[in-house]
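Single-structure report; data block below.
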Amino acid sequence: MIRVALLSFWHFHADAYVAQAAAHPDIELVAAWDSDEERGRRGAGRIGVPFKADLDEILNDDSIEGVIVQTPTRDH
C-alpha cells in the first residue's frame, strides 16, 4: 500500500485525481494540505482524511510515500 497525501484542492482536477487515487487498490490517501486553510479543511473533510495546516508536517512524515500536487502552477 502506498500512502499518499494531496497537496491542495486549488486545481479543478483535484477531485478527479482524488477519485482515481481512491479507486486504486494500492493507494491509501492519508492526509491533505492546502495554503488556503478553509479550502483545505473543507476538501479534506470531503475525502475523509485529516487536514494538515503545516506542509512540512506532511513532507517530513516518513510514512507518507507520495504526494499528488494540485497547488497553483507557480508553486510547483
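The values are calculated or read from the model by the stated rules, or taken from the named source; none is laboratory data. Not measured: the values here are computed from a predicted model. Methodologically, a virtual Cβ is constructed for each residue, glycine included, from the backbone with ideal geometry; neighbour enumeration extends over all protein chains shown. The accessibility values were calculated without ligands, DNA or RNA, using every heavy atom of the protein model including side chains. Shrake-Rupley method; radii C 1.70, N 1.55, O 1.52, S 1.80 Å.
In the stretch 60-73, the count of residues that are in contact with a strand residue (DSSP E or B) (Cβ under 6 Å, 6 or more places away or on another chain), open to solvent by less than 70 Å² (accessible area, probe 1.4 Å) and part of a helix (DSSP H, G or I) is zero. Restricting attention to the stretch 1-19 and to residues that are free of Cβ contacts under 8 Å to residues at least 24 places away in the same chain and not in a loop (DSSP other than H, G, I, E, B), the residue that is most open to solvent (accessible area, probe 1.4 Å) turns out to be 15. Among residues of the stretch 57-76 that are closer than 14 Å to residue 18 by Cα, those with a Cβ under 6 angstrom from a residue that is in a strand (DSSP E or B) and open to solvent by 70 Å² or more (accessible area, probe 1.4 Å), sequence gap 6+ or separate chain, pair up as 66/2. Across the stretch 45-59, the number of residues qualifying as outside any loop (DSSP other than H, G, I, E, B) and either under 15 Å from residue 7 (Cβ atoms) or not charged (D, E, K, R) (or both) comes to 8. The number of residues in the stretch 20-44 being open to solvent by 60 Å² or more (accessible area, probe 1.4 Å) and either within 21 Å of residue 76 (Cβ to Cβ) or not in a loop (DSSP other than H, G, I, E, B) (or both) comes to 10.
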